[in-house]
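Here is the structure we will look at.
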Amino acid sequence: MFKLIPITKKDIEWARKLRNTNRQYFINQRTITRKQQEEWFKSVKNFFIIWVGNKRVGTISINDGEIGNVFIIEEYRGQGIFKKATELLGGTRLEIRANNKHALRVYKKLGFKIISYKMAK
């Protein structure tokens, strides 16, 4: 059974470890400390843990129609979890790293289109 459950204090360390282990896929690739994660948790809105049965399998957030903080652990990819999550949340935009080829393929397959590129130095 698939569920999206708002993040709780019990989940913040799990989410931090998941994000740090896979930070190369995120726009902000810095390692997040425990203290930073706890501060973030105090202000977070619309951040969900993705559950399949009784197992946490990923994260996703939504703010003003923009999807963020998406990560699904590898063994659960390719099962339509992201699609289900976006259908429930209604997100229409997201921002990803241009070199995240897997995410680009998935998002294009789900009907997302590239509308801009950001540049930085």
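Remind me, relative contact order of the chain in percent, using alpha carbon pairs under 8 angstrom and six or more residues apart? List each step's numbers first, then the result.
On the way: 127 pairs, mean separation 27.0, N = 121.
Relative contact order comes out at 22 percent.
Ranking request for peptides 74-87, 26-39: highest mean number of other beta-carbon atoms within 10 Å first, then the rest in descending order. Could you put the intermediate results ahead of the total?
Details: 74-87: 14.9, 26-39: 12.0.
Listed from highest to lowest mean packing, they are 74-87, 26-39.
At 0.36 nm per residue, and after removing the present C-alpha to C-alpha distance, how many nm does the segment from W40 to E75 gain when stretched out fully? Present the calculation step by step, with values, prior to reporting the outcome.
Working: separation 35, 0.36 × 35 = 12.60 nm, distance 2.75 nm.
Separation in residues times 0.36 nm, less the Cα-Cα distance, equals 9.9 nm.
Once fully extended, how much extra length lies between K9 and I115, figured as 0.36 nm per residue of separation less the alpha-carbon to alpha-carbon distance?
On the way: separation 106, 0.36 × 106 = 38.16 nm, distance 3.58 nm.
Full extension from K9 to I115 adds 34.6 nm.
For T31 paired with L89, estimate the spin-label separation in nm (one decimal), with each label point 7 Å from Cα along the Cα-to-Cβ line.
About 2.7 nm, to one decimal.
Here, each number is a calculation from the coordinates, and none is a lab measurement. Please read all numbers here as calculations on a predicted model, not as lab measurements. A quick note on method: Cβ atoms are made from the backbone with ideal geometry, for glycine too, and the neighbour counts reach across all protein chains shown.
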